[in-house]
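Colleague: One structure follows; several queries about it will come next.
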Amino acid sequence: MKKKLLEIISLSKHFGGNTAISNVSFNVEEGLIVGLIGPNGSGKTTLFNCITGYYSLTSGSVMFDGHDITRIKPDKACRIGMVRTWQRVKPLGNLNVLENVMIGAFSKTRSAGESRKIALAQLDLLGMSELSSNTAGDLPIGLKKKLELARALATSPKLLLLDEICGGLNNTETLELMETIRIIRNNGVSIVFIEHDMKAVTGLCDRIVVLKSEQKLVEGTPSDITGNHDVIAAYLGKGYKHA
Ligand SMILES: Nc1ncnc2c1ncn2[C@@H]1O[C@H](COP(=O)(O)OP(=O)(O)O)[C@@H](O)[C@H]1O
Ligand SMILES: [Mg+2]
């Protein structure tokens with residue numbers, strides 16, 4: 001059996017009287033791509049914020065690589081190998097593309113030369129080398145999303161949490177990015193993937209977790225999920241064609 005890299009155990013998050021996540025549990029085994037899907041407002045981004053220490057949990061716990069990281073801070077989470085991208089991308093707009101990616105690499109090295117080398121390798125993987133000296137703020141949304149991914153990869157993560165990385169991309173860009181994500185996984189990085197594009201989700205994920213109304217509705221393989229009547233009723237819609 002594969003080793004559990006991430007364990008989310010009965011996680012709940014309340015904002016005042018509002019429940020954003022209620023008693024959600026699931027695991028991510030090493031080497032897998034796990035999809036997290038569900039209607040808008042079902043708690044997907046909040047779950048990422050809780051796992052990576054941007055929000056404190058109301059109750060429950062999170063284990064990473066065998067260690068309890070329930071109260072971890074985001075910078076520490078990144079140092080131990082867990083990094084996320086943001087649904088609303090956050091490049092440092094005045095810096096160039098290379099400098100933005102080097103910021104990720106500086107979480108693991110203090111050497112500017114080393115960080116430059118790591119950053120250039122990630123830009124190469126994403127086909128963005130020629131944009132190294134472009135100002136990050138001027139990039140179109142599709143490239144800002146890839147820049148976000150390059151910066152996350154430059155931290156050398158064991159687990160990458162992607163929040164709607166394909167949002168705003170056209171079909172060709174989405175297919176390209178899916179191929180890149182597959183390569184990243186084959187390079188040994190485990191991935192949790194929040195996405196609405198079901199072609200991307202079913203094409204990439206080994207397992208899918210479905211959230212609905214702050215709770216886990218079900219989890220299973222892509223074909224379990226796309227054929228599940230509750231998931232069709234809650235999220236996919238009646239017109240969805242079973243993959
Ligand atoms: N900082 C916050 N303060 C108050 N409520 C929040 C905050 N962040 C998220 N929420 C609430 O949590 C719920 C889940 O939101 P979110 O995690 O963004 O959903 P999703 O990513 O699935 O669309 C929503 O009702 C949202 O309004
Ligand atoms: Mg979200």
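Colleague: Relative to 2.2 N^0.38 Å, what does the C-alpha radius of gyration of region 97-222 come to as a ratio? Two decimals please.
Modeller: Its radius of gyration relative to the 2.2 N^0.38 Å reference: 1.12.
Colleague: Using the crude model of +1 on Lys and Arg Cβ and -1 on Asp and Glu Cβ, and no other charge, please compute the dipole size for the chain relative to its Cα centre, in debye to 20.
Modeller: 440 debye
Colleague: Which lysines have a Cα less than 16 Å from the Cα of K4, not counting those fewer than 8 places away in the same chain?
Modeller: K158
Colleague: For region 1-105, report the translational diffusion coefficient in µm²/s to the nearest whole number, using Stokes-Einstein at 10 °C, 1.306 mPa s, and a Kirkwood Rh over Cα pairs.
Modeller: 105 µm²/s
Colleague: Now for a separate question. List the residues, sorted by chain then number, that are 5 or more residues from V218 or on another chain and whose placed amide H is less than 5 Å from its amide H.
Modeller: V210
Colleague: Another question about this same structure. Can you list the HN-Hα couplings for region 3-19, worked out from phi with the Karplus curve (6.51, -1.76, 1.60; θ = phi - 60°), rounded to whole Hz and with x for Gly and Pro?
Modeller: With coefficients 6.51, -1.76 and 1.60, one gets 5, 7, 8, 10, 10, 9, 10, 6, 7, 10, 9, 10, 10, x, x, 8, 9 Hz.
Colleague: Quick check on my link table: of K90/K212; K117/K216; K3/K44; K90/K117, which ones sit more than 31 Å apart, alpha carbon to alpha carbon?
Modeller: Among K90/K212; K117/K216; K3/K44; K90/K117, the Cα-Cα distance tops 31 Å for K117/K216.
Colleague: List, in order, the whole-Hz ³J(HN,Hα) value for each residue of region 171-180 obtained from phi through the Karplus relation with A = 6.51, B = -1.76, C = 1.60 and θ = phi - 60°; use x for Gly and Pro.
Modeller: 4, 5, 4, 5, 4, 4, 5, 4, 4, 5
Colleague: How far apart, in nm, are the 7 Å Cα→Cβ label points at A233 and K4?
Modeller: 3.0 nm
Colleague: When the Debye formula is applied to the Cα atoms of region 91-156, each taken as the same point scatterer, what base-10 log of I(q)/I(0) results at q = 0.28 Å⁻¹?
Modeller: Result of the Debye calculation: -1.23.
Colleague: For F193, what residues show an amide H to amide H distance below 5 Å, using hydrogens built from the backbone and excluding near sequence neighbours?
Modeller: V34, G35, L36, L162
Colleague: Over the Cα atoms of the chain, how large are the radius of gyration and the largest Cα-Cα distance (Dmax), in Å?
Modeller: Using the Cα atoms of the chain, the pair Rg, Dmax is 17.7, 54 Å.
Colleague: Return the calculated 222 nm mean residue ellipticity for the chain, to the nearest 500 deg cm²/dmol, obtained by summing -39500 (n - 2.57) across DSSP H runs with n ≥ 4 and dividing by the residue count.
Modeller: Mean residue ellipticity, 222 nm, calculated: -9500 deg cm²/dmol.
Colleague: Where Lys and Arg each count +1 and Asp and Glu each count -1, what net charge lies around V210 among other residues with Cβ under 14 Å from its Cβ?
Modeller: Once positives and negatives cancel, what remains is -1.
Colleague: Follow-up question, since we're still on this one. Please work out the Cα center distance from region 1-71 to region 125-189, rounded to the nearest Å.
Modeller: That distance is 23 Å.
Colleague: Apply the Karplus curve 6.51 cos²θ - 1.76 cosθ + 1.60, θ = phi - 60°, to the phi angles in region 226-236 and return the couplings in whole Hz, x for Gly and Pro.
Modeller: 6, x, 8, 4, 5, 5, 5, 5, 7, 9, 6
Colleague: Considering only DSSP beta bridges whose two residues both sit in the chain, what percent are antiparallel, to the nearest 5?
Modeller: Around 55 percent antiparallel, to the nearest 5.
Colleague: With only Lys, Arg, Asp and Glu charged, each at its Cβ (+1 for the first two, -1 for the last two), find how big the charge dipole of region 91-156 is about the Cα centre; round to the nearest 20 debye.
Modeller: Its charge dipole is roughly 200 debye.
Colleague: So for region 141-236, averaging the separation of alpha carbon pairs under 8 Å that are six or more residues apart and normalising by length, what relative contact order in percent results?
Modeller: With pairs under 8 Å counted, the relative contact order is 21 percent.
Colleague: Shifting gears a bit: Let me have the relative contact order for region 65-163, percent, based on Cα pairs under 8 Å that are six or more residues apart.
Modeller: 45 percent
Rule-based calculations on the coordinates, nothing more; no lab input. It should be emphasised that the depicted structure is a prediction, and the values quoted were computed from it without experimental measurement. Here Cβ is always computed from backbone atoms with ideal geometry, including for glycine, and neighbour counts include all displayed protein chains.
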